[in-house]
1. Sort out which residues of the stretch B:241-285 are within 14 Å of another protein chain (Cβ to nearest Cβ), aromatic (Phe, Trp, Tyr) and farther than 27 Å from B:Ala160 by Cα, and write them in order of number.
2. Determine which single condition A:Lys390 fails, assuming it passes every other condition in (1) away from chain B (no Cβ under 14 Å); (2) closer than 20 Å to B:Tyr253 by Cβ.
3. Is it the case that some residue within the stretch B:8-24 is touching a helix residue (DSSP H, G or I) at 6+ places or on another chain (Cβ under 7 Å), open to solvent by 70 Å² or more (accessible area, probe 1.4 Å) and without any contact (Cβ under 8 Å) to a residue 60 or more places away in the chain?
4. For the stretch A:398-471, give me every one of the helices (runs of 4 or more DSSP H) that falls completely inside it and has 3 or more residues that are open to solvent by less than 50 Å² (accessible area, probe 1.4 Å) and more than 21 Å from A:Val172 (Cβ to Cβ).
5. Scan the stretch A:444-471 residue by residue and report those that are within 12 Å of chain B (Cβ to nearest Cβ), farther than 20 Å from A:Gly136 by Cβ and in contact (Cβ under 8 Å) with a residue 60 or more places away in the chain.
6. Restricting attention to the stretch B:31-50, which residues are of a type outside the set (A, V, I, L, M) and either open to solvent by less than 40 Å² (accessible area, probe 1.4 Å) or more than 10 Å from chain A (Cβ to nearest Cβ) (or both)?
7. Out of everything in the stretch B:217-230 that is β-branched (Val, Ile, Thr) and part of a helix (DSSP H, G or I), what residue ends up being surrounded by the most Cβ atoms within 10 Å (Cβ to Cβ)?
8. When both residues are 6+ apart or on different chains and their Cβ atoms are under 7 Å apart, which pairs have a first residue that lies in the stretch A:200-214 and is surrounded by 18 or more Cβ atoms within 10 Å (Cβ to Cβ), and a second that is hydroxyl-bearing (Ser, Thr, Tyr) and assigned to a helix (DSSP H, G or I)?
Amino acid sequence: MKHKRIYTSLCVIVSIALLAVACAPAATPSVQTVEVMKTVEVMKTVEVEKTVEVPVTLTPPPPPEEAKELTVYHWWTAGGEKQAMDVIFKHFNAANPDIKIVDNPIAGGGGITLKTVMQGMLAAGIPPDTFQTLSGSELKMYVDGGYLDPVDDIWKDKNLDTDYPEVVGRMVTFDGKKMAIPVSIHRANWLFYNVALFNELNIQPPTTIDELIEVAKTIKEKKPDVAPIGLGTRDKWTAVFLFDVVLLSVGGADKYEQFYTGQLDPVTDPTVKSAFEKFKELIPYLYPYHGAKSWSDIPGPLAQGQIAMYVLGDFAAGQLVAGGYKEGVDWEAVAFPQQPEEVFLMIVDCFTRPKGIKHPEAATAWLNNLTDPATQAEFTIIKGSIAASKLVPASNYPDSLHQRDAEAWAQKRIVPASAHGALAPQNFLSDWQDILTGFLFTGDIQRALDSTALIMKNYDVAGQSAWYWAK
Amino acid sequence: MRYNRLHVILFLGPILIIVAVLCGMIVWTVAVSMDNWVGMAPVWKFIGFENYATLFKMERFWNAFKNNLIWMVAFIVPSALLGLLLAYGLSLSGRAEALFRPIFLYPLALSFVVTGTLWAWMYDPEAGVINNILKGFGLGNFIQPWIADPKQATYCLIAAAIWQYTGFAMTLYIAAIRDIPIEIFEAAKVDGASALQIFRHIVVPNVTQATMVTIGMLTIFSLKVFDLVWVITFGGPGTSTEVLGFFMFVATYRQAFVGLGAAISVVILILAILVVVPYSWWSMRRMQA
């Protein structure tokens with residue numbers, strides 16, 4: 001019995017000791033001086049052997065210089081995107097062979113999961129060396145949290161004020177400081193359509209919302225089995241893409257910018273109301289089961305002729321090409337709307353340099369590499385976007401859609417898209433897409449306008465968007 | 001072997017640590033729910049119950065709340081009932097039990113993401129297997145938009161959850177039925193009782209303990225449901241299938257209303273306490289009786 005007790009006590013002591021060891025903070029890799037006792041045997045001339053204890057100070061060899069690393073967090077994980085990211089890595093490694101990239105791809109379209117991960121890492125004070133974000137209001141969340149270092153040094157050094165269109169700079173400027181480096185641009189206002197169907201019915205692609213409704217009506221009459229307008233509101237932001245082109249067609253670019261920055265009262269201003277009226281007119285022509293589909297479910301049926309038209313960004317072209325459908329043969333796309341003015345509705349992907357990172361030099365090298373037109377040119381071909389830099393010519397792109405993207409980038413008025421965190425504040429946008437998807441089932445204009453006005457006021461959209469109008 | 005204080009510390013230590021962390025987190029969440037924390041970085045500005053007041057004024061909150069209540073009723077009762085019926089059916093089926101038990105239990109082994117993806121495919125109004133089977137059998141009139149219809153979508157989600165959890169209820173009931181002394185069944189048979197009478201007068205009264213455990217577990221599941229909603233409908237169409245857990249995620253991470261999100265968590269916690277504590281108390285008393 002007594003033995004048992006002793007054993008038990010021993011076990012407990014050992015366990016506690018182990019626990020203490022496990023809980024001890026991990027050894028820091030800094031250089032330390034350690035004092036140890038060493039037993040040394042000394043031979044004396046009298047040939048008496050004696051053992052003495054001599055304190056010896058040992059300096060352990062300095063740890064090997066911390067490997068140069070760069071931790072990257074991004075959401076480019078889908079098929080083509082990963083290969084595109086590899087292009088950036090290739091260019092980076094060519095210029096910085098001694099820096100090892102630690103790649104952390106976080107799946108989730110539009111960075112929805114990455115944002116959650118970042119929120120935790122940044123709050124915990126363990127920022128990665130660089131991470132991906134969208135521009136504008138989404139970037140502002142990180143800026144407001146005080147998590148980012150400005151990148152003005154790179155911006156000036158690389159002369160981005162001349163290389164990039166003015167509005168791109170504005171999308172990353174907060175309190176006069178540039179807070180991220182834009183890399184890749186998507187255009188949100190494309191109208192995709194089935195070529196064979198349009199030829200068969202002898203109709204032209206629409207250029208305004210009224211023409212869109214007219215064309216949809218014709219298709220529904222002549223081809224009752226075809227859904228005139230595709231949509232996949234399981235991804236609720238697709239409803240925003242559709243509404244945005246309606247708003248652009250009804251009110252033009254100025255009203256668009258004003259609405260999404262809280263400068264218009266949706267209840268009193270007639271523009272938003274008439275946009276909702278037109279939006280409502282589209283409802284009978286929408287693919288009826290849009291609530292069960294995501295954005296990527298639509299391009300295939302469009303090319304096969306079950307759906308006639310689809311309003312989305314140029315990234316839908318990637319789906320079509322991946323599905324083996326040919327531009328100009330199976331599908332075609334036109335910028336939409338073209339009246340009152342054709343604009344480039346822009347989505348911007350950026351990378352940042354957070355505060356308190358372990359490898360600021362590597363992060364700077366990373367951002368420098370991203371500004372390189374050669375990197376952007378090769379990357380965006382695979383990614384299915386276009387380069388932020390105006391130095392990359394339209395001829396860089398193998399397909400007509402992206403060539404026209406790049407031409408419009410150089411020539412048309414550029415307007416930040418509301419969706420994907422560019423113009424409208426994030427909290428507003430989240431509710432806004434719910435209002436729009438909900439509206440597609442109720443068609444209740446007054447209720448939609450009232451809810452919109454309420455969240456605009458509650459979330460102080462005007463105040464939150466002041467950055468966009470700052471000089 | 002006798003147990004002394006050291007044993008107690010050694011064995012209870014880990015659970016105490018877990019409980020301490022859990023309680024710490026709950027206290028932290030309650031504290032956050034009373035702060036005006038908006039944005040990514042912590043904001044410690046005490047505003048009392050303002051987040052709760054905002055929440056209770058939101059139509060969206062009550063919609064999610066209502067959906068959670070629907071889940072509790074429409075998910076728990078059928079799952080438990082089906083589980084019991086299957087368990088009794090299997091106990092009658094003799095050898096076939098060994099074949100069917102794993103089949104019914106199999107869905108439980110799947111993750112919610114897998115279940116969700118499978119059911120999203122099945123519910124697809126055009127390509128989905130459900131509507132196509134209906135069409136194949138000439139039942140075209142019964143074709144539904146399923147998850148594409150805001151009115152039906154929540155029930156579609158619940159059906160998927162029932163599919164997944166019936167096996168769980170069944171397993172608990174199988175164990176309970178096996179615990180019933182075989183002599184009772186034999187005596188009933190000798191007296192000429194039918195299978196239905198045996199079910200009604202012997203099985204049902206003897207599985208109350210299993211019912212308590214089953215209902216308790218299913219309640220907890222229905223309160224914390226999130227994954228299925230996320231995968232199958234993403235809260236849609238519109239906000240029609242949102243539950244409190246989903247709304248909490250949206251408020252906290254997409255809108256950065258962290259204080260409000262914490263308030264929703266506290267509401268979920270209170271709901272869980274309101275349902276689970278009286279239920280446990282009641283079932284403990286019944287067990288002792």
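1. B:Phe257, the sole residue that qualifies.
2. (2)
3. yes
4. In the stretch A:398-471, A:400-411, A:426-442, A:445-458 are the helices (runs of 4 or more DSSP H) which contain 3 or more residues that are open to solvent by less than 50 Å² (accessible area, probe 1.4 Å) and more than 21 Å from A:Val172 (Cβ to Cβ).
5. A:Ala448, A:Asp450 - these are the residues of the stretch A:444-471 that are within 12 Å of chain B (Cβ to nearest Cβ), farther than 20 Å from A:Gly136 by Cβ and in contact (Cβ under 8 Å) with a residue 60 or more places away in the chain.
6. Scanning the stretch B:31-50 gives B:Ser33, B:Asp35, B:Asn36, B:Trp37, B:Gly39, B:Trp44, B:Lys45, B:Phe46, B:Gly48, B:Phe49, B:Glu50.
7. B:Val229
8. Close Cβ pairs satisfying both conditions: A:Thr208/A:Ser249; A:Ile209/A:Ser249.
The values are calculated or read from the model by the stated rules, or taken from the named source; none is laboratory data. Treat the numbers as computed from the prediction; the structure is a model and nothing was measured. Counting neighbours? That spans all protein chains shown, and the Cβs are built from the backbone with ideal geometry, glycine included. What goes into the accessible areas is simple: the full protein's heavy atoms, side chains included, and nothing from ligands, DNA or RNA. Shrake-Rupley method; radii C 1.70, N 1.55, O 1.52, S 1.80 Å.
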